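Remarks on the structure that follows.
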């Protein structure tokens, strides 16, 4: 091997080492950004939803501080993400606790859209994109929610007078529009548009919430010349 070839190999090796060092630096920088983002997002979730996502081992100190600051019990700390494949156990039967946590994870992701309040049939429909309908039934969802309530992982699971079963995934201070509407209905027996507009809600927000509650069968719409538009909640 000639001197030129040796020099060429040395330069190539040096260039590769330099590139490897650059990539390592970029990797460490990316990890640092992810770590910071994760810590920030975990703080936001704890404050907004009353839960802690404890899936990042590098920030356990942060997690313990959040538990103390917001008074979050161990039952509302997610230590790992449940995958769809874990819903069925080794005997090919539904693991209702795994199903409960899987549902909770997906509800948490879409909390701003759903408000964190569902009827049991709505949860069954909610799971349609995951193609689980041939593996689980509405009864399985009921059992999963009963289990989640028993271990204090959700705020509540109740059957209204109408027979509709409602799941409250988050405590009242962490839930949004649906819980507010139901609380007004409990106090006066019905809800009017002005009741919600006075809260500073936009007409679109009011319409979206009332339509959803009516569609789920929790609310019943009635309009008359004397009383105007009202939504009644016979099962509340």
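Below is a table of values for the structure above.
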quantity: Which listed residue is exposed (fewer than 14 other Cβ atoms within 10 Å of the Cβ), under 23 Å from residue 77 (Cα atoms) and free of Cβ contacts under 8 Å to residues at least 40 places away in the same chain, from 139, 150, 159, 187; calculated: 150
quantity: Top-ranked residue in the stretch 191-229 [being part of a strand (DSSP E or B) and surrounded by fewer than 16 Cβ atoms within 10 Å (Cβ to Cβ); ranked as farthest from the chain's Cα centre (by Cα)]; calculated: 224
quantity: Given (1) under 22 Å from residue 215 (Cα atoms); (2) at pLDDT 85 or above; (3) not in a helix (DSSP H, G or I), number of the condition residue 170 does not satisfy; calculated: (2)
quantity: All helices (runs of 4 or more DSSP H) inside the stretch 30-135 with 3 or more residues being at pLDDT below 80; calculated: 60-70, 111-114
quantity: Test: residue in the stretch 208-215 that is in contact with a helix residue (DSSP H, G or I) (Cβ under 6 Å, 6 or more places away or on another chain) and over 30 Å from residue 85 (Cβ atoms); calculated: yes
quantity: Hits in the stretch 208-228 (condition: under 16 Å from residue 121 (Cβ atoms) and touching a residue at least 12 places away in the same chain (Cβ under 8 Å)); calculated: 212, 213, 214, 216, 217, 218, 219
quantity: Complete set of residues in the stretch 122-136 that are closer than 14 Å to residue 100 by Cβ, touching a residue at least 24 places away in the same chain (Cβ under 8 Å) and in contact with a strand residue (DSSP E or B) (Cβ under 9 Å, 6 or more places away or on another chain); calculated: 123, 136
quantity: Matching entry among 141, 184 (being modelled with pLDDT of 85 or more, under 18 Å from residue 108 (Cα atoms) and in a helix (DSSP H, G or I)); calculated: 141
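The values are calculated or read from the model by the stated rules, or taken from the named source; none is laboratory data. Since we're looking at a predicted model, the values are computed, not measured. So basically every Cβ, Gly included, is an ideal-geometry build from the backbone, and we count neighbours across all protein chains shown.
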